[in-house]
Structures are given as structure tokens and as C-alpha cells.
Amino acid sequence: MGANSVAKIRGLFIQKPVSMTLNEINKELPELKPSDISMALCYLFKQRYVQRALVANTTPKERKSVWQYTYSQSKLPEVINAL
């Protein structure tokens, strides 16, 4: 993974400002490996540019739920866990 993966995913979210799963991002950017996409999303999540939510997977015979990512142009507020 490198800055290239992060830049491509950022560009995709800016071009298409909708929530996407890893599988949907992989369809839009087939040149990136799923592991590179996952690491880039993890980086953006830790930098607070991406939010994620667990949603039901619509693909049959796969995982029941997957993460759906939503990008923000500005840093999101820090969330402090109450646990």
C-alpha cells in the first residue's frame, strides 16, 4: 500500500460521493488489490476522514454483513468510547 492507493480511493469518493463497501470500491478500482484497498480505508478511518457502518451484504453466499464506508472532505470529530 502506498500514498497511491489512498489518493485513488480519495479521488473515487470525491468523484462519487456515496457510501461504498470494499467490494464496490474494488469494482470501481480493479487495479488495486483488496488488501491495498482495505489498508487505505483503515488509514483514512484512523485519520478520521472515513466513517463506517455495518450493513447487510446483498451478495448471496458471502458474509452476512460488511462495512460500508462514507468519506468526508474534512476531518470528522473524534468519538470517545463510553465503555
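The values are calculated or read from the model by the stated rules, or taken from the named source; none is laboratory data. Computed from a predicted structure; not experimentally measured. Please note that ligands, DNA and RNA were not included when accessible areas were found on the heavy atoms of the full protein model with its side chains. Shrake-Rupley method; radii C 1.70, N 1.55, O 1.52, S 1.80 Å.
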When all protein chains stay in place, what accessible area (Å², nearest 10, 1.4 Å probe) is found for Val18?
80
Hey, any idea what % of the stretch 1-61's accessible area is carbon plus sulfur with a 1.4 Å probe?
55
So, for the chain, what is the accessible surface per residue at a probe of 1.4 Å, expressed in square angstrom?
73
Given just the C-alpha atoms of the chain, how large is their convex hull per residue in cubic angstrom?
112
